[in-house]
Amino acid sequence: MPLKEGRRGFGMRSFETEIENPVVQKDIIELANKIELFHNGKIDEEKFRSLRLARGVYGQRQEGVQMIRIKIPYGKLKSNQLRRISAVSDEYSRGRLHITTRQDIQIHYVDLNRTPELWAELEKDDVTVREACGNVVRNVTASETAGFDVNEPFDVSPYADALYKFFLRNPICQEMGRKFKVSFSSTDEDTGLSYLHDIGYIAKEKDGVRGFKVMVAGGLGSQPRHADVLFDFVETDQIIPIMEGVLRVFDRYGERKSRAKARMKFLLKDIGLDAFRELIAQEQKAIEFKSVAIDANAYIPSTPISVKAPQVTIKDQDAFELWKSTNLIPQKHEGYVAIGVKVLLGDFYTDKARLLANLVDNYAAGEVRLTLRQNIVIPFVKEDLVPFFYQELEKLDFVEAGYNKAVDITACPGTDTCNLGIASSTGIAEELERVIKTEYPQYLKNEDLVIKISGCMNACGQHNMANIGFQGMTVRTPEKLIAPALQVLLGGGNQGDGNATFADKVVKVPSKRGPEALRRILNDFEANANGKSFVAYYQEKGEKYFYDFLNDLQDATNLTQEDFIDWGEEEKYVKEIGIGECAGVVIDLIATLFLESEEKIGNAKEAFENEVYSGAIYYAYQSLVNSAKALLLAENKKTNTHAGIITQFDELFVESGKISLGASFADVIYQINKNAPTKDFALNYISSADKFLEAVRAFRAVETSKQN
């Protein structure tokens, strides 16, 4: 029997008594049920992967354990939430927290069977793992300075918060072809990196009216694409309806079979911006809320406490002054500053996390911000408390100078835990930081040089938008031996207001030569740039100039034994790449798809009873597509997109007379964007989905009996 509650083999507590929110409670119990069905062989492994990813449960490189990604919307983390995450990490993991480049927190080495209980513990302080992974709307990120940025026209936090809540568990974005990423930038500096997101919003004010510039279809990965401008300015009440239209189009027309082409950037590249806008226009009738007013005044911002500054004695005044020059962030609130905490590779432990939570509770605003460069920001620190904060942070080893400067290198986990990691990103990052600190100390204050590292082409470390980027690869010797390598990329940069340049791939060098490549680049820059920014200097010189003086480092004919041992490792390198889980496309068995269709109709009826007619309609739509997909798969037909499924089903089954619907399948299913989401239409559309499932199941039964 599937788990309903309580202790049924996994050591779980009773979620019904611990979780007050019935929607969350249902979610957690469903995960527990699916885990049991998976263990009993009743759910295919690939299908189970899709389900758990949408619940933040991600397989890691080490067999038998999971990485849990915890969603921290727009990076804002209250002190009580930080304590809760720390307690969960201690109980279910190893007490280490990892900040990601999307303002999430990850914990590793978690037993799959304990994940429902872990989730329930997190929800006690309103922390979720829902839709932190998988083919869904991922964490909504934002400028870490939102709310106190001296240049912002307004605080984007209320808008990021409203958008995050609107699309969480929303049926239109639960089973897309790939993940979907959203960002908010507080200012024209575009610190939210709108240009590399599926949708990016940049705060604007026009004639005293708040709004956003909207960027669409950007992305990184092996084929980075600069986002297009969808709208130069829209008022704040339009950001949610616009995103709903974009999501509906992506869900219907986005690639689903070929993982390499399944991001929205490829859809837009294929059809063009004008056609994309036209498809959005066709969805408008189906969108229930044409305007979603967001009451920014209802959003409760953090407020600092008033406390007298304790007397402190700074032991190393020079170190303190250096730290102040690199780690303090101006605030628009008079008498306050924010403190940037440089967190090496985004990793820190729960003992520090608890002490940090206590510190901000007692002397700041009871919150921290997680940043896109894997750091921590403490906002609302009174200026006269800065020496005290330095003293307290020093006890936590959190006063390393160089916050957001050249020495502050971003890196994904790479081969430490990720299935897709090819070469060590964390090991080389530590070595490059050491090189800069010891050999180029002037870069401790340089914020015009951004270095980023990814362990593979997927760019979780955002290497291809950096001034200097490194990507994990391999190199083969003439004797066909394989050694870890780094692709060196140069010239990427953020110009602001949605404008940016992606880095060029210049050379590929054995990993152990990465530091030498960096030295040559910095030495040349120091000698010849004459005050230009690195991006300007690179554009002036061009790719071939840098290739010429780095080219000899590519030579794989003279590798030493040391070159076959990756950074941070002791054993000889072995290339081991698992199956990526960021958004693997699932090909389901026919029977499983029919069961899913039935389940979606049940969801539709439940949403209808709750008078959520738009949601009910979309669940019915998903059931219709699923049912059609089942028969097409039985005929070994491609099911790359929803639109393709609809067209093929008509051609193969309806026009041939094999299945009679009284109309074309397209006419039946595309009622979704020709009708407003009313009660009557929802009822009729659910009925259509029910009847269609009955028809295709009956057809399948007859065909199967013929084969037997």
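Would you call residue 503 open to solvent by 10 Å² or more (accessible area, probe 1.4 Å), touching a Gly at 6+ places or on another chain (Cβ under 6 Å), closer than 27 Å to residue 214 by Cβ and small (Gly, Ala, Ser)? Here the answer is yes, as residue 503 does meet what is asked. In a residue-by-residue description of the range 602-609, the property of being modelled with pLDDT of 90 or more, open to solvent by 10 Å² or more (accessible area, probe 1.4 Å) and more than 28 Å from residue 248 (Cα to Cα) applies to no position. Residue count for the range 182-219 satisfying the condition of being surrounded by fewer than 24 Cβ atoms within 10 Å (Cβ to Cβ), among the hydroxyl-bearing types (Ser, Thr, Tyr) and within 17 Å of residue 241 (Cα to Cα): 0.
The single condition from (1) open to solvent by less than 20 Å² (accessible area, probe 1.4 Å); (2) assigned to a loop (DSSP other than H, G, I, E, B); (3) farther than 23 Å from residue 598 by Cβ that residue 643 fails is (2). Checking each residue in the range 436-449 for being part of a helix (DSSP H, G or I) and open to solvent by less than 20 Å² (accessible area, probe 1.4 Å) picks out 436, 443. Hey, among the residues in the range 661-671 that are of a type outside the set (S, T, N, Q) and under 17 Å from residue 251 (Cβ atoms), which one's most open to solvent (accessible area, probe 1.4 Å)? Checked the range 661-671; the qualifying residue most open to solvent (accessible area, probe 1.4 Å) is 670. Considering each residue of the range 358-365 in turn, at least one proves to be part of a loop (DSSP other than H, G, I, E, B), open to solvent by 10 Å² or more (accessible area, probe 1.4 Å), touching a Ser or Thr at 6+ places or on another chain (Cβ under 6 Å) and modelled with pLDDT of 95 or more.
Can you pull out the strands (runs of 3 or more DSSP E) entirely within the range 450-540 that have at least 1 residues that are among the β-branched types (Val, Ile, Thr)?
Qualifying strands (runs of 3 or more DSSP E): 451-454, 468-476, 482-490, 499-501, 504-510.
For residue 428, are the conditions met, namely being over 23 Å from residue 146 (Cα atoms), among the hydrophobic types (A, V, I, L, M, F, W, C) and buried (at least 23 other Cβ atoms within 10 Å of the Cβ)? Considered against the rule, which asks whether it is over 23 Å from residue 146 (Cα atoms), among the hydrophobic types (A, V, I, L, M, F, W, C) and buried (at least 23 other Cβ atoms within 10 Å of the Cβ), residue 428 comes out as yes.
Of all the residues in the range 462-485, those that are touching a Gly at 6+ places or on another chain (Cβ under 9 Å), farther than 14 Å from residue 222 by Cα and in contact (Cβ under 8 Å) with a residue 60 or more places away in the chain number 4.
Any idea how many residues of the range 220-241 are in contact with a strand residue (DSSP E or B) (Cβ under 8 Å, 6 or more places away or on another chain) and buried (at least 20 other Cβ atoms within 10 Å of the Cβ)? Number satisfying all stated conditions: 4.
Checked against the criterion of being under 38 Å from the mean Cα position of the chain (by Cα) and open to solvent by 30 Å² or more (accessible area, probe 1.4 Å), the candidates 658, 674 yield just one match: 674. Take residue 397 and tell me if it is out of contact with any His (no Cβ under 9 Å at 6 or more places or on another chain), within 26 Å of residue 435 (Cα to Cα), crowded, with 23+ Cβ neighbours inside 10 Å and among the acidic types (Asp, Glu). Considered against the rule, which asks whether it is out of contact with any His (no Cβ under 9 Å at 6 or more places or on another chain), within 26 Å of residue 435 (Cα to Cα), crowded, with 23+ Cβ neighbours inside 10 Å and among the acidic types (Asp, Glu), residue 397 comes out as no. Only one of the listed residues (457, 473) is within 24 Å of residue 561 (Cβ to Cβ), under 27 Å from the mean Cα position of the chain (by Cα) and open to solvent by 40 Å² or more (accessible area, probe 1.4 Å). That residue is 473. When each of 529, 500, 459 is tested for being without any contact (Cβ under 8 Å) to a residue 60 or more places away in the chain and either small (Gly, Ala, Ser) or closer than 30 Å to residue 69 by Cβ (or both), the lone residue that passes is 529. Residues in the range 147-161 that are charged (D, E, K, R) and more than 12 Å from residue 301 (Cα to Cα): 149, 152. Screening residue 154 on (1) within 24 Å of residue 376 (Cα to Cα); (2) of a type in the set (A, V, I, L, M, F, W, C); (3) buried (at least 22 other Cβ atoms within 10 Å of the Cβ) shows it passes everything except condition (3). In the range 541-564, the residue that is nearest to residue 477 (Cα to Cα) out of those that are outside any helix (DSSP H, G or I) and of a type in the set (A, V, I, L, M, F, W, C) is 556.
For the range 344-357, how many residues meet the condition of being of a type in the set (A, V, I, L, M), surrounded by fewer than 22 Cβ atoms within 10 Å (Cβ to Cβ) and under 27 Å from the mean Cα position of the chain (by Cα)? Looking only at that region, the number is 1.
The values are calculated or read from the model by the stated rules, or taken from the named source; none is laboratory data. Being a predicted model, the structure only gives us computed values, none of them experimental. Heads up, the Cβs are rebuilt from the backbone with ideal geometry, glycines too, and the neighbour counts pull from every protein chain shown. These area figures cover heavy atoms from the full protein model, side chains too; ligands, DNA and RNA do not enter into them. Shrake-Rupley method; radii C 1.70, N 1.55, O 1.52, S 1.80 Å.
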